[in-house]
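The values are calculated or read from the model by the stated rules, or taken from the named source; none is laboratory data. Computed from a prediction, not measured in an experiment: that's the story for all the values here. Cβ coordinates were reconstructed from backbone atoms using ideal geometry, including for glycine residues, and neighbour counts include every protein chain displayed.
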Amino acid sequence: MSLASRLGRIPPPDGDGEGNPAQVTAVPASNIPTTGIPATAIPVTSFSVSNTAGGFARRNPRRPYDPLAHVRRRAHEALLDLLGPQLYDLAGTDDDLVRPILEALPDVLAKEEALTASDRTKAYQQIVDEILGHGPIEPLLRDPDVTEIMVNSWDRIYVERFGQIHAVEAAFTDESHLRRVIDRIVSRIGRRVDEASPMVDARLPDGSRVNAVVPPIAIDGAALTVRKFSADPYTAEDLISFGTLTPQVANFLAACILGRLDIVISGGTGSGKTTLLNVLSGYLPSNERIITIEDSAELRLSQEHVLRMEYRPPNIEGAGEVTIRDLVRNALRMRPDRIVVGEVRDAAALDMLQAMNTGHDGSLTTVHANSPRDSISRLETMVMMAGMELPIRAIREQISSAVDVIVQLARLRDGHRRIVQITEVVGMEAGDVVSMQDLYTFDYGAGRDAYGRFSGQVRSTGLRPRFLDKLTEQGIPVNLEHFGVGAGS
Ligand SMILES: Nc1ncnc2c1ncn2[C@@H]1O[C@H](COP(=O)(O)OP(=O)(O)OP(=O)(O)O)[C@@H](O)[C@H]1O
Ligand SMILES: [Mg+2]
């Protein structure tokens, strides 16, 4: 009996459709005839050996029955017979390799007589996604409304759409299927993920950022997180139309950048820090030499005179790491006019502050923090990581003289990402306290609309920034009406 027909006899996995699990008659893996093809190369349907395959059982019994699973399996086998195991080595870019598959597939599917036309089209797309793309997450990657894909386990996938997180029906066939897709993503950039190095950062060809973790650190099986970026990076106009900021605030921040103020963008995970950094970097004058330093290159600057550097992780022997700190130090020897650091998260903060304090004004970076005050403490902690044993007052003085403005972002409960605070770092007060004043705050008082969305926007507090004179002296226009006491933004 062929593998396909054997699998075809196994009852569907999802029971009676009422949420009651099916009686699964699992086929012991040892009973499956070998075909000479590596076991990992065969997508196994979720209801065959899936409950034991890879050791991670299906934990989502409510997932609907997938009627095309048999069809896909049979088509895969037919393609394997036709084209051999190289089928699974494809990167999906080489036309010479891809063409035979696309040509053979319609004939293979033509043998599935029971299929309706729409199921045939669906099966075709699923098989192409499987072989040339990233399997069940490929449609999510194509969907422009999806901004994040979170594969918690092979059968439990969540996405973020319009700032809200939803579970989706898509699922991998089993643990080994998910692992195969992860391997394909990471091997493309020359990395690997296994028990010895169970977490990895990678990027998809379109620039989307990927993180994968696998057992033993991922207790319930491999997990994958994909941060998508829109094909065209967001512009200031886009962010204004999303309500993240107002035109006045965009003008104000542009003036701060032209006036060479040092700006820190602060926010929680996924609050839009990198996106705003990219937009604000767009205001950097194109006649200046800009050096960008990132953990994983995400910024897409439009200026020409840009030099990009990226963190390099240690190799498998633990050697060869080039840290953000190394890169910041090196950047200082490259005659930068401006340094843009994707995110400071370790002792690199000390070098960044020193750079800001020693003639590299107008630098930009982001910090993972929940408020401007919190971002000062984060910077303090990171400077301490440098192990210089500096007194706390000295650290705070460094911070207060380096950082001019902190822009706080948040993903609000309605899913929207907003600037919620723009704070000026004024200096030091008695008692080692960094003094700050809020220039703009989000108007939560405006309440919510019928859909639960916050109606407010970020508004001027009316306080006049101390650095205003510095900007006006340089002839940078700032609309002073903004800061008339009591004026709206
Ligand atoms: N203002 C915005 N409005 C709507 N979507 C946004 C906005 N800013 C960013 N996004 C989307 O939100 C996601 C997260 O954005 P981004 O990577 O900039 O966040 P982050 O704060 O840098 O995250 P991390 O902490 O993981 O580095 C992306 O998919 C991005 O396209
Ligand atoms: Mg980021």
Original post:
Do you know which of the residues in the stretch 253-279 that are hydroxyl-bearing (S, T, Y) and within 19 Å of I376 (Cα to Cα) is nearest to ligand 2 (Cβ to nearest atom)?
Top reply: T274
Original post:
Among A223, A250, A212, which is the only one that is more than 16 Å from ligand 2 (Cβ to nearest atom), without any contact (Cβ under 8 Å) to a residue 40 or more places away in the chain, assigned by TED's automatic domain parsing to the domain that holds N152 and buried (at least 18 other Cβ atoms within 10 Å of the Cβ)?
Top reply: A212
Original post:
Does the stretch 237-250 contain any residue that is of a type in the set (F, W, Y) and closer than 27 Å to A369 by Cβ?
Top reply: yes
**OP:** Quickly run through the stretch 347-364 and pick out the residues that are of a type in the set (G, A, S) and surrounded by fewer than 20 Cβ atoms within 10 Å (Cβ to Cβ).
**Re:** A347, G359
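So for the stretch 238-246 (the condition being more than 10 Å from ligand 1 (Cβ to nearest atom) and in contact (Cβ under 8 Å) with a residue 24 or more places away in the chain), does at least one residue qualify?
Yes.
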Subject >> For V367: the one exception among (1) of a type in the set (A, V, I, L, M); (2) buried (at least 19 other Cβ atoms within 10 Å of the Cβ); (3) away from ligand 1 (no atom under 16 Å from the Cβ) >> reply: (3)
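Specify which of the listed residues (V407, V403, V340, V344) is away from ligand 2 (no atom under 16 Å from the Cβ) and surrounded by 19 or more Cβ atoms within 10 Å (Cβ to Cβ).
After ruling out the rest, the residue left standing is V403.
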Subject >> Selection count where residues are touching a residue at least 60 places away in the same chain (Cβ under 8 Å) and surrounded by fewer than 20 Cβ atoms within 10 Å (Cβ to Cβ), scope the stretch 413-435 >> reply: 3
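Residues I257, I265: which one is assigned by TED's automatic domain parsing to the domain that holds I419, touching a helix residue (DSSP H, G or I) at 6+ places or on another chain (Cβ under 9 Å) and more than 16 Å from ligand 1 (Cβ to nearest atom)?
Answer to the selection: I257.
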**OP:** For the stretch 299-320, name all the residues that are more than 16 Å from ligand 2 (Cβ to nearest atom) and assigned to a loop (DSSP other than H, G, I, E, B).
**Re:** S302, Q303, E304, H305, P313, P314, N315, I316, E317, G318, A319, G320
Original post:
Which members of the stretch 370-388 meet the condition of being more than 16 Å from ligand 2 (Cβ to nearest atom) and either charged (D, E, K, R) or crowded, with 23+ Cβ neighbours inside 10 Å (or both)?
Top reply: P372, R373, D374, I376, L379, E380, V383
Original post:
Here are D232, D194: which of them is among the acidic types (D, E) and over 30 Å from V407 (Cβ atoms)?
Top reply: D194
Original post:
Say we look at the stretch 284-294 and pick out the residues that are surrounded by 17 or more Cβ atoms within 10 Å (Cβ to Cβ) and under 16 Å from I257 (Cα atoms); which of these is nearest to the chain's Cα centre (by Cα)?
Top reply: T292
Original post:
Hey, does the stretch 425-443 have a residue that's within 16 Å of ligand 1 (Cβ to nearest atom) and aliphatic (A, V, I, L, M)?
Top reply: no
